[in-house]
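Just below is one structure, and these are the notes that go with it.
Readers should treat all values here as calculations from the given coordinates under stated rules, not as data from a laboratory. None of these values were measured; they are calculated from a predicted model. Virtual Cβ from ideal backbone geometry, glycine too; neighbours counted across all protein chains shown.
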Amino acid sequence: MDKVREVIQFLALWLILAAVWLVYTMNFHFQSVLLGLVCSLATAAFTFHVFYHQSGRGHGKLVYRWDLLVLYLVFLILQSYLASFTLIRQMLTGSYRSGVVRIKTRIRSPIGRTLLANSISLVPGTLSLWLEGSYIYVHWFDQKSRHRLESGRMIKEPMEGILKRIFG
């Protein structure tokens, strides 16, 4: 039974990676699709253990809420657009003060913490520099506060709450 589950998980990972390839390239020529299938198969083979390792909970479930994951991606796109307009305004007016802050995350899942750090980098005006355990070092284009807790709340709060529900 465990082998069947492992094969199904591997095929699901492969198909998700292939779908991401197709969405990213938007090229449906035979050679591109074939290359995407081969590359996503190799990526799935090398990274399967990362996505489906046994967590401390004993059942190794990667994502707890797929519906929230889709909503999170839509939320991230909207937040990125809004932040880009704010960033452009700040650059044109010169009203910004950049700096590096260290924020702490409550997400226990390593994949969830990594996705949070990458999500922070996708939002214009912030860049994750380093992920060390539960701490993320972030370069913030317009540092509104030097206090770690307040900075963390402003940078990660909306994303962290959703990711904590998705990854546990």
Taking the Cα centre of the chain as the origin and placing charges on Cβ (Lys, Arg +1; Asp, Glu -1), which of 46, 74, 110 is farthest toward the positive end of the dipole?
110
What value, in deg cm²/dmol to 500, does the helix sum -39500 (n - 2.57) over DSSP H runs of n ≥ 4 give at 222 nm once divided by the residues of the chain?
-22000 deg cm²/dmol
As I understand it, the value is the acute angle between the Cα axis of helix 2-25 and the longest principal axis of the Cα atoms of the chain; what does it come to in degrees, rounded to 10?
50 degrees
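Given N residues in the chain, what is its alpha carbon radius of gyration divided by 2.2 N^0.38 Å?
1.20
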For the range 16-168, with the dipole built from +1 on Lys and Arg beta-carbon atoms and -1 on Asp and Glu ones, taken about the Cα centre, which of 120, 145, 167 lies farthest toward the positive end?
145
Using the count of nearby Cβ atoms within 10 Å as a rough guide to exposure, how do 145, 98, 128 rank from fewest to most?
98, 145, 128
